[in-house]
1. Are any residues in the stretch 36-57 part of a loop (DSSP other than H, G, I, E, B) and either under 22 Å from ASN87 (Cβ atoms) or in contact with an Asp or Glu (Cβ under 8 Å, 6 or more places away or on another chain) (or both), and if so, which ones?
2. Every residue in the stretch 133-174 that is open to solvent by 40 Å² or more (accessible area, probe 1.4 Å) and either assigned to a strand (DSSP E or B) or among the β-branched types (Val, Ile, Thr) (or both), please.
3. So LYS103 passes all but one of these: (1) open to solvent by 30 Å² or more (accessible area, probe 1.4 Å); (2) more than 16 Å from the ligand (Cβ to nearest atom); (3) at pLDDT 95 or above. Which condition number does it fail?
4. Of all residues in the stretch 11-49, how many are more than 10 Å from the ligand (Cβ to nearest atom), open to solvent by less than 30 Å² (accessible area, probe 1.4 Å) and not small (Gly, Ala, Ser)?
5. Restricting the stretch 243-273 to residues that are out of contact with any helix residue (DSSP H, G or I) (no Cβ under 9 Å at 6 or more places or on another chain) and at pLDDT 90 or above, which is most open to solvent (accessible area, probe 1.4 Å)?
6. Counting just the residues of the stretch 190-227 that are in a loop (DSSP other than H, G, I, E, B) and more than 15 Å from the chain's Cα centre (by Cα), which one comes out farthest from the ligand (Cβ to nearest atom)?
7. Only residues that are touching a strand residue (DSSP E or B) at 6+ places or on another chain (Cβ under 8 Å) and either at positive phi or open to solvent by less than 20 Å² (accessible area, probe 1.4 Å) (or both): list them for the stretch 191-209, please.
8. Any residue that is over 18 Å from the mean Cα position of the chain (by Cα), closer than 17 Å to SER242 by Cβ and small (Gly, Ala, Ser) - is there at least one of those in the stretch 21-35?
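The values are calculated or read from the model by the stated rules, or taken from the named source; none is laboratory data. Quick caveat, the model's predicted, so the values are computed rather than measured. Quick reminder, even Gly has a Cβ in these numbers, built from the backbone with ideal geometry, and neighbours come from all protein chains shown. The protein model used for the area step is the full one, side chains on, heavy atoms only, and it has no ligands, DNA or RNA in it. Shrake-Rupley method; radii C 1.70, N 1.55, O 1.52, S 1.80 Å.
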Amino acid sequence: MAQTTILITGSNQGIGYEVAKQLLSHPNTHILLCSRDKSNGQTAASTLDPTLSRVDPITLDVTDDTSIAAAAEYVQQKYGKLDILINNAGINQEVEYMKEKVKTLPPGSNPLLDIHPSGEDLRNLYRRTYEVNVFGAGAVTESFIPLLSNSARPNIIFVSSHTGSLTLAETGSTTFQGRQVGEAKFKLPSFPIYRSSKAALDMLLLHYANRFGAKGWRVNGACPNLTATKFSGGMGRPASESAVNIVKLCFLGDEVKDGVNGVLSDEEGVVPW
Ligand SMILES: NC(=O)c1ccc[n+]([C@@H]2O[C@H](COP(=O)([O-])OP(=O)(O)OC[C@H]3O[C@@H](n4cnc5c(N)ncnc54)[C@H](OP(=O)(O)O)[C@@H]3O)[C@@H](O)[C@H]2O)c1
């Protein structure tokens, strides 16, 4: 059976690392484990696979076009194709900003609702967040399309968030299609920068689903739920649980005839836009 090459951005830790780990339990998978820091990637790759026969550490900073081009060139030279691209790298800069500013709030304040960056702070938060979460994912996807085109079953997965759902933000509904999908807190006006970046990412997902769906590509999004990683400051469920749906999306086409395309989901089912 042919090897399935899977590139995961930001997979030296957190959810991406767990996805890599779980994918290794499937036969014939070959992981291109990406990190922006070379030695972090090498350490993570060696931990997963001391022989490095199935895990290849690649340096990739999604905000740096030279880094993206070098990674694509490396994959072209060594593998000649990419089967699955997982756009996982993501940041929430508002959390760090809140940690700084919370000390200045009067007692009884709610940092989620009472901290409002402005001016240069605001612009910098937008710039940094969108550079990674939106521009980075878009630039990486475009750069790897020629390699995905060489695959028999191209598959792109965008790691998004329930918190970017326009429907859940509008309604605050906790149910969708008869199941528990959201939390009322999604209606709270919190994290506008991060959340709007994930809503924008969802449109990128649909763009690529519409562009390549007729050719049989699968392009979908995964919402991990609050997960205990560096990103969340350790709050939430284990990354091993959040990785499950992303791994499932990697093999959709094997389970469902013609695969599923243009869908945002968690492990329980569809998440509304
Ligand atoms: N954790 C949650 O509660 C949660 C919930 C919903 C959605 N998500 C999404 O899940 C994804 C993974 O998050 P996580 O919780 O696993 O976070 P994490 O543990 O902080 O890991 C994020 C990964 O992205 C990498 N990264 C950051 N900036 C990058 C850049 N410029 N170029 C390349 N890689 C970069 C990080 O590299 P370094 O190690 O060098 O920092 C790290 O490997 C994100 O897209 C996030 O938005 C997370």
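1. We begin by selecting, within the stretch 36-57, every residue part of a loop (DSSP other than H, G, I, E, B); these are 36-37, 49-54.
Of everything in the stretch 36-57, those that are part of a loop (DSSP other than H, G, I, E, B) and either under 22 Å from ASN87 (Cβ atoms) or in contact with an Asp or Glu (Cβ under 8 Å, 6 or more places away or on another chain) (or both) turn out to be ARG36, ASP37, ARG54.
2. THR167, THR171, THR174
3. (3)
4. Within the stretch 11-49, the first condition is being more than 10 Å from the ligand (Cβ to nearest atom), and the residues that meet it are 20-32, 38-39, 42-43, 45-49.
Of the ones still in play, those that are also open to solvent by less than 30 Å² (accessible area, probe 1.4 Å) are 20, 23, 29-32, 45, 49.
Still in the list and also not small (Gly, Ala, Ser): 23, 29-32, 49.
So the count comes out to 6.
5. Keep residues of the stretch 243-273 that are out of contact with any helix residue (DSSP H, G or I) (no Cβ under 9 Å at 6 or more places or on another chain), which gives 245, 249, 251-254, 256-258, 269-270.
With at pLDDT 90 or above added as a condition, the list becomes 245, 249, 251, 269-270.
Details: ASN245: 5, LEU249: 11, PHE251: 31, GLY269: 23, VAL270: 59 Å².
The residue in question is VAL270.
6. At the first step, the residues of the stretch 190-227 found to be in a loop (DSSP other than H, G, I, E, B) are 190-191, 216-217, 223-226.
Checking the rest, the ones that are also more than 15 Å from the chain's Cα centre (by Cα) come to 190-191, 216-217.
Details: SER190: 14, PHE191: 11, GLY216: 26, TRP217: 21 Å.
For the stretch 190-227, the residue satisfying everything is GLY216.
7. LEU201, ASP202, LEU205, TYR208, ALA209
8. yes
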